[in-house]
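Structure first, commentary second.
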Amino acid sequence: NSASGTLYTDDGYTYGYTKNDYLYIQFKFKDNTLTSSIIDKDAHYTTREWLERVVIINPPKNIKHAEIKSKGLGKLHLQTSYTGEERSLVIRKPSVSMQEEFIITLV
């Protein structure tokens, strides 16, 4: 299974985006790995937003945990749990800043 998407965020009320004051992020999930990468490297929005959870629909079976790697966090072990008949897998509180690129691997 694979998936991809993007996230755009800014302050929501000024025209700061005209001065590259925003974040534009791409997410990709493939081969049990979720990666985030900053699309516009010239953007420089400072935010307190962080990743609260990841939900994977139709997840692979027998996942025991996840690992996150980022510049700010280093490498951390994350708890995972399957929901209702293993139709989704929840990774709670990766707690990584949306400002930084990260990799989450299912183990």
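The values are calculated or read from the model by the stated rules, or taken from the named source; none is laboratory data. Not measured: the values here are computed from a predicted model. So basically every Cβ, Gly included, is an ideal-geometry build from the backbone, and we count neighbours across all protein chains shown. Accessible surface areas use protein heavy atoms only, side chains included; no ligands, DNA or RNA. Shrake-Rupley method; radii C 1.70, N 1.55, O 1.52, S 1.80 Å.
Here is the figure for region 6-17: residues that are at positive phi and under 17 Å from the mean Cα position of the chain (by Cα) total 0. The residues of region 59-72 that are farther than 16 Å from Ser37 by Cα and in contact (Cβ under 8 Å) with a residue 12 or more places away in the chain, listed by number, are Pro59, Pro60, Lys61, Ile63, Lys64, His65, Ala66, Glu67.
The residues of region 73-82 that are loosely packed, with under 13 Cβ neighbours inside 10 Å and either among the small types (Gly, Ala, Ser) or in contact (Cβ under 8 Å) with a residue 24 or more places away in the chain (or both), listed by number, are Gly74, Ser81. Consider region 1-58 and keep the residues that are closer than 30 Å to Gly84 by Cβ and out of contact with any strand residue (DSSP E or B) (no Cβ under 7 Å at 6 or more places or on another chain). The one that is modelled with the lowest pLDDT is Asn1.
Restricting attention to region 16-60, and to residues there that are open to solvent by 80 Å² or more (accessible area, probe 1.4 Å) and of a type in the set (S, T, N, Q), which single residue is farthest from Ile91 (Cα to Cα)? Out of the qualifying residues, it is Thr18. Checked against (1) part of a strand (DSSP E or B); (2) open to solvent by 40 Å² or more (accessible area, probe 1.4 Å); (3) touching a Ser or Thr at 6+ places or on another chain (Cβ under 8 Å); (4) not β-branched (Val, Ile, Thr), Ala3 passes all but condition (3).
Only one of the listed residues (Ser70, Ser97, Ser88) is open to solvent by less than 50 Å² (accessible area, probe 1.4 Å) and closer than 17 Å to Ser2 by Cα. That residue is Ser88.
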